[in-house]
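Q: Could you have a look at this structure, given as structure tokens, before my questions?
The values are calculated or read from the model by the stated rules, or taken from the named source; none is laboratory data. Note that the coordinates shown come from a computational prediction; the quantities given were computed from them, not determined experimentally. So basically every Cβ, Gly included, is an ideal-geometry build from the backbone, and we count neighbours across all protein chains shown.
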Amino acid sequence: MLKKTILLLGVFSLGVALSGFAGQKYSHQEYFEHYEGTKTCLQCHEDEAKSFFHSQHYQWKAAAPNVVDSHGKELGKINMVNDFCTNPVPNWIEKTLNDKGKVLELGCSKCHAGRGMLPSSEMSQQQLENIDCLICHAHGYRRDLYKNEAGEFEWKPILWKNPEGMDSVAKRITKPTKVMCLRCHAGSGGGPNFKRGDIEYYLSEADYDFDIHMDVDGNDMNCIDCHAGADHKIPGPGADIAGNEMPEKRVLCDNEECHGNAPHEQALLNTHARRVFCTACHIPEFAKEDATNMKRDWSAGHYSEAKGKYTYTGTFEKNVTPAYHWWNGKDVNMQVAGEAVKTDAEGRIMVAVPVGSRQDPESRIFAFKKYEAVMPVLKDKRWILPIQTGDFYKTGDMDASVREATEEFYGIKDAQFDWMPTIHYMGLFHEVTPAYSALRCLDCHGPDTRLDWKALGYDKDPLGAILMAASH
């Protein structure tokens, strides 16, 4: 299964890449003779490049109207600290090898739609030529890190020394497919399905039971079918994505263009859906193919013989039952870098916690992946700190890795820090199952309920109370 998935994701040998597409016609086959990097695309698509330069996919930040106390800041992974790979700035581009020559880290830019430069707030020709159009638009495109003439790493196509092969790949231009999106979004957090839990490589070949929307023999939907935007802006951030470049366009199952607000034949279920979001019933479990990271303790590093590197202490699980939380579908408490940590009632840093309650008529119960970690915090200012992960994987020296990253990100030398637990909720919206696999009444309202009714604001199961009152 894994080999099949990798092939579908475009990991082809040169022979497959060239022979598999022989004789086919592609949209850009006659538009240029030789691909010479992004400047070839700019000859016709400079306006598109400029719009992409301003997008969240390039800048890795955007306006954050739904982050509580964001104070009008543009926020995103580039200027925040998360509890997975922490922050891209000190981890941007590198090729960290262990003593046996095994690659331990390539840097966060591996999943940036650029060729290796950090995005700048000021647009320039150099920044436009840094955009890697092919990573989102060329079928079968692959790239790797190579050193340029200045001895610096940059991302280049693996066929950069093979002009004929490169020209073939560069002309296979399409709108982004799910395979292209999954290149980055399924591998975030350091490995297959490590981070999201519900965005797996297997979605590229999903069957009906795995995901009714992306089922290759059925709806065969692509990511952009739901997340279609304009000018390279994408709608539909989840509960832990700070930037929202299209807040006016919400991606919801019950939008009129999708299922509407009365999708069931039974009126009772439609009434229920006013307080329970669709995915709470239709995603009974996630991480169905690849295990997902549920806990990550950066303070408890150890050497892994199997991986050939030092690593965090982590917990991975498959077929995970979601956590359930009220959410108004918009607002979220997130930890902003450079501000004193905000904690929940249990003393955990709120990296991402949805805003909502039973008392709020706009809130509904959503399904989430509930992720916990342990992160470094600056002793005096109580700021959450990044980690130079590549150095840690190689040396195991966590103190040096935190101090190096803190100096690069915050400009603080010789940082003194301690450790704190974090809490991080990620909304589940993929791996939607058919109606016959959705939850039944007793899954929540039976003796083996999956819901924590008290945490949701109830003294006990409300249906149980209604039935007991009716019986008397």
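Q: Just give me the residues in region 365-410 being closer than 22 Å to G314 by Cα, out of contact with any helix residue (DSSP H, G or I) (no Cβ under 6 Å at 6 or more places or on another chain) and not in a helix (DSSP H, G or I), in sequence order.
A: Of everything in region 365-410, those that are closer than 22 Å to G314 by Cα, out of contact with any helix residue (DSSP H, G or I) (no Cβ under 6 Å at 6 or more places or on another chain) and not in a helix (DSSP H, G or I) turn out to be F368, K369, K370, Y371, E372, A373, V374, M375, V377, I384, G396, D397.
Q: Show the residue pairs that are 6+ apart or on different chains and have beta-carbon atoms under 6 Å apart, the first residue being within region 173-192 and assigned to a helix (DSSP H, G or I), the second being β-branched (V, I, T).
A: As it stands, the answer is H185/I199, since those pairs meet every condition given.
Q: Can I ask one more? Yes or no: region 23-35 includes at least one residue that is surrounded by fewer than 19 Cβ atoms within 10 Å (Cβ to Cβ), farther than 30 Å from G151 by Cα and at pLDDT 95 or above.
A: Checked region 23-35: no residue is surrounded by fewer than 19 Cβ atoms within 10 Å (Cβ to Cβ), farther than 30 Å from G151 by Cα and at pLDDT 95 or above.
Q: Next up: Take the conditions assigned to a loop (DSSP other than H, G, I, E, B), within 21 Å of K369 (Cα to Cα) and of a type outside the set (D, E, K, R) and apply them to N244. Does it pass?
A: Working: assigned to a loop (DSSP other than H, G, I, E, B): yes; within 21 Å of K369 (Cα to Cα): yes; of a type outside the set (D, E, K, R): yes.
Against the criterion (assigned to a loop (DSSP other than H, G, I, E, B), within 21 Å of K369 (Cα to Cα) and of a type outside the set (D, E, K, R)), N244 qualifies.
Q: With the checklist (1) among the polar types (S, T, N, Q); (2) touching a His at 6+ places or on another chain (Cβ under 8 Å); (3) not in a strand (DSSP E or B) in hand, flag the one item T313 doesn't pass.
A: The one condition T313 does not meet is (3).
Q: Counting just the residues of region 340-351 that are touching a strand residue (DSSP E or B) at 6+ places or on another chain (Cβ under 9 Å) and more than 21 Å from K454 (Cα to Cα), which one comes out surrounded by the most Cβ atoms within 10 Å (Cβ to Cβ)?
A: V351
Q: Quick check on my filter: what residues within region 86-102 are under 18 Å from the mean Cα position of the chain (by Cα) and crowded, with 22+ Cβ neighbours inside 10 Å?
A: Selection gives T86, N87, P88, N91.
Q: Can you find even one residue in region 40-56 that is outside any helix (DSSP H, G or I), hydrophobic (A, V, I, L, M, F, W, C) and surrounded by 15 or more Cβ atoms within 10 Å (Cβ to Cβ)?
A: First, the residues of region 40-56 that are outside any helix (DSSP H, G or I): 54-55.
So of that shortlist, the ones also hydrophobic (A, V, I, L, M, F, W, C) come out as none.
No, the conditions are met nowhere in region 40-56.
Q: Any chance region 250-258 includes a residue that's more than 16 Å from the chain's Cα centre (by Cα), under 21 Å from P322 (Cβ atoms), part of a helix (DSSP H, G or I) and at pLDDT below 95?
A: no
Q: Restricting attention to region 330-364, which residues are farther than 19 Å from A273 by Cα, of a type outside the set (A, V, I, L, M) and assigned to a loop (DSSP other than H, G, I, E, B)?
A: Filtering region 330-364 down to residues farther than 19 Å from A273 by Cα leaves 331-353.
From what's left, of a type outside the set (A, V, I, L, M): 331, 333, 335, 338-339, 342-344, 346-348.
Within region 330-364, D331, Q335, G338, E339, K342, D344, E346, G347, R348 qualify.
Q: Please name all residue pairs, on different chains or six or more residues apart, with Cβ atoms under 9 Å, provided the first residue is in region 99-115 and is part of a loop (DSSP other than H, G, I, E, B) and the second residue is basic (K, R).
A: Pairs that qualify, where the first residue is part of a loop (DSSP other than H, G, I, E, B) and the partner is basic (K, R), are D99/K394; K102/K307; K102/K309; L106/K95; G107/K95; R115/R143; R115/K156.
Q: Would you pick out the residues in region 395-417 that are charged (D, E, K, R) and either surrounded by 15 or more Cβ atoms within 10 Å (Cβ to Cβ) or in contact with a strand residue (DSSP E or B) (Cβ under 6 Å, 6 or more places away or on another chain) (or both)?
A: The answer is D397, R403, E404, E407, E408.
Q: May I pose another question? Looking only at region 253-287, count every residue that is buried (at least 17 other Cβ atoms within 10 Å of the Cβ) and more than 15 Å from F368 (Cα to Cα) and tell me the total.
A: Residues meeting the conditions: 2.
Q: Between a residue in region 341-352 that is at negative phi and any residue that is part of a loop (DSSP other than H, G, I, E, B) and among the β-branched types (V, I, T), which pairs come within a Cβ distance under 7 Å, given they are 6 or more apart or on different chains?
A: I349/V341
Q: Let me ask something additional. Within region 107-127, identify whether any single residue is buried (at least 18 other Cβ atoms within 10 Å of the Cβ), farther than 21 Å from S188 by Cα and at pLDDT 95 or above, and answer yes or no.
A: Yes, because at least one residue in region 107-127 is buried (at least 18 other Cβ atoms within 10 Å of the Cβ), farther than 21 Å from S188 by Cα and at pLDDT 95 or above.
Q: Let me ask you something else. Among (1) in contact (Cβ under 8 Å) with a residue 12 or more places away in the chain; (2) out of contact with any Ser or Thr (no Cβ under 6 Å at 6 or more places or on another chain), which single condition is K307 missing?
A: The number of the failed condition is (1).
Q: If you don't mind, there's one more thing I want to ask. Contact list please: Cβ distance under 8 Å, first residue in region 432-461 and in contact (Cβ under 8 Å) with a residue 60 or more places away in the chain and in a loop (DSSP other than H, G, I, E, B), second residue small (G, A, S) and surrounded by 11 or more Cβ atoms within 10 Å (Cβ to Cβ), pairs at least six apart or on different chains.
A: Close Cβ pairs (under 8 Å, with a partner that is small (G, A, S) and surrounded by 11 or more Cβ atoms within 10 Å (Cβ to Cβ)) amount to L439/A280; G457/S357.
Q: Taking the options K342, K379, K369, name whichever one is at pLDDT 95 or above, under 30 Å from K288 (Cα atoms) and not aromatic (F, W, Y).
A: Values: K342 fails: under 30 Å from K288 (Cα atoms); K379 fails: under 30 Å from K288 (Cα atoms).
One residue alone meets the criteria, K369.
Q: Hey, another quick one. Give the residue, chosen from G187, G191, that is farther than 23 Å from P284 by Cα, among the small types (G, A, S) and under 16 Å from the mean Cα position of the chain (by Cα).
A: On the way: G187 fails: farther than 23 Å from P284 by Cα.
Only one candidate passes the filter, namely G191.
Q: Given A150, A239, which one is at pLDDT below 95, part of a loop (DSSP other than H, G, I, E, B), farther than 26 Å from C85 by Cβ and among the hydrophobic types (A, V, I, L, M, F, W, C)? Spell out how you get there, then give the answer.
A: Numbers: A239 fails: farther than 26 Å from C85 by Cβ.
Within the list A150, A239, the selection yields A150.
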